[in-house]
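Everything on this sheet refers to the single structure shown next.
The values are calculated or read from the model by the stated rules, or taken from the named source; none is laboratory data. On a predicted model such as this, the values are computed, not experimentally measured, just so you know. Cβ sites come from the backbone with ideal geometry, for glycine too, and all protein chains shown count toward neighbours. Only protein heavy atoms, including side chains, enter the accessible area calculation; ligands, DNA and RNA are left aside. Shrake-Rupley method; radii C 1.70, N 1.55, O 1.52, S 1.80 Å.
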Amino acid sequence: MSPSEFSPKVGVLFALADGLRLVLAPNPSPMTYLGTNTYLLGTGQIAVIDPGPDDDAHLQAILNAAAPANVSHIIVTHAHLDHSPLARRLSHETGAPIYGFGPADKGRSAIMQTLAKQGLAGGGEGIDAAFAPDIIVADGDEITGADWSLRAMHTPGHIGNHLSFIWKDTVFSGDHVMGWASSLVSPPDGDLTDFLASCARLKQINARCMWPGHGAPVLTPNARIDWLVAHRAERTAQILDALGTASRTVDDITQRVYHDLDPALLPAAKRNVFAHLVSLSQAGKIVAMPMLSIAGKFTKKN
């Protein structure tokens, strides 16, 4: 299916491949594109992947698309408010257990745990702090239904508890790999070093196609992953260039790097810049004073 053929309507079942359908959630935005892709995998025992936001109409659309008795698994890629909150209500309606890596703060890297303990909070990305899966899924775990099988891959970066799921020669990539935008990486939930490592792991799969959390199928996954990595390298270079020989704040660097950005998107851009600064600090390329903090000042090492 080409991107031009991807034309789902909110709440209406949309066929993607044999055994795979989609119901688009009614939550379009600059951060979610057309809305969240809620996938229905299988024909007998159905897995609902990423139930989406807590929305009455979307819940009913899922139940209309799959009889409650047929839903056997509820699988969540990660605990953001556009992906996971409806899981609990869907579980109540169907009796199906919820599968996920763990609560929203599980899977954080050591440096992100430190930043969180120091008081760094999320930047408004919409963390589902109440998310609590019934069944914990670890890297490499297999989840099976009557006519489908998934293998979980822990892919932190966008958020620490992010999972991708391998299905045949394709991958449900959540918000890690999307065709319409790069993934947001916002500390302390997102970690750029982890993001790039997860990209490398996903590339090794050599998938034919990826089914993202938002937007059309990614038909050339490895090329897209290469673009994502190159985009991050280019952004890192821009940040180092913006630092120059001075000591600068995150706000100052953000204004210099994103000088033509819509002001409404600057808070997310600031978080993105800080994610790069954390990675550069961990790599020993910059110094943060008085400490590594979003309120600190950053200088390039000589």
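Only helices enter this figure: runs of n ≥ 4 DSSP H residues, each worth -39500 (n - 2.57), summed and divided by the residues of the chain, yield -9500 deg cm²/dmol at 222 nm to the nearest 500. Across the range 91-98, rounded Karplus estimates of 3J(HN,Hα) from the backbone phi angles (6.51 cos²θ - 1.76 cosθ + 1.60, θ = phi - 60°) give 4, 4, 6, 10, x, 7, x, 9 Hz, Gly and Pro being marked x. Summing Lys and Arg as +1 and Asp and Glu as -1 over all other residues whose Cβ lies under 15 Å from the Cβ of residue 91 gives a net charge of -3. Of all aspartates and glutamates in the structure, the ones whose alpha carbon falls short of 17 Å from that of residue 203, not counting any fewer than 8 places away in one chain, are 139, 169, 175, 194, 226.
Segment residue 169..residue 144, full-extension length gain: 7.4 nm, with 0.36 nm per residue of separation and the alpha-carbon distance subtracted.
Using a probe of 1.4 angstrom and keeping all protein chains present, the accessible surface of the chain works out to 41 square angstrom per residue. Rolling a 1.4 Å probe across all protein chains gives residue 153 an accessible area of roughly 10 Å². With contacts taken as Cα pairs under 8 Å at a separation of at least 6 residues, the chain carries a relative contact order of 13 percent.
What distance in nm separates the two pseudo spin-label positions at residue 246 and residue 206, each 7 Å out from Cα along the beta-carbon direction? Each label point lies 7 Å from its Cα, and together they span 4.9 nm. With all protein chains in place and a 1.4 Å probe, the accessible surface of the chain carries 53 percent carbon and sulfur. Converting phi to 3J(HN,Hα) with the Karplus coefficients 6.51, -1.76 and 1.60 and the offset θ = phi - 60°, the range 39-56 yields 8, 10, 10, x, 10, x, 8, 9, 9, 9, 9, 6, x, x, x, 6, 9, 4 Hz in sequence order, with x at every glycine or proline. The 3J(HN,Hα) values that the Karplus relation (6.51, -1.76, 1.60; θ = phi - 60°) gives for the range 217-234 are, in residue order, x, 8, 8, 10, x, 5, 5, 5, 4, 4, 5, 4, 5, 5, 4, 5, 5, 5 Hz. Gly and Pro appear as x.
Taking amide H atoms as placed 1.01 Å from N in the peptide plane, the amide H of residue 36 lies under 5 Å from those of 25, 27, each 5 or more residues away in sequence or on another chain.
Given a Förster radius of 30 Å and the C-beta distance between residue 116 and residue 6 as r, what FRET efficiency does 1/(1 + (r/R0)^6) yield to the nearest 0.05?
0.20
Residue ranges 21-27, 236-242 sort as 21-27, 236-242 when ordered by packing (mean number of other C-beta atoms within 10 Å per residue, highest first). Compute the Cα gyration tensor for the range 92-251, then decide on rounded, prolate or oblate, letting a ≥ b ≥ c be the square roots of its eigenvalues: rounded whenever a/c is under 1.5, prolate when a/b is larger than b/c in the other cases, and oblate in all that remain. Taking the square roots of the gyration eigenvalues as a ≥ b ≥ c, the range 92-251 is oblate. For the pair residue 130 and residue 60, a Förster radius of 22 Å applied to the C-beta separation gives a FRET efficiency near 0.55, rounded to the nearest 0.05. Shape class for the range 1-98: oblate, because the ratio a/c of the largest to smallest gyration tensor axis (alpha-carbon atoms, square roots of eigenvalues) is 1.5 or more and b/c is at least a/b.
Pick out, in residue order, every one of the chymotrypsin sites (Phe, Trp or Tyr not before Pro) in the range 161-260 that is DSSP loop and has at most 15 other C-beta atoms within 10 Å; say none if there are none.
Passing sites in the range 161-260 are 180.
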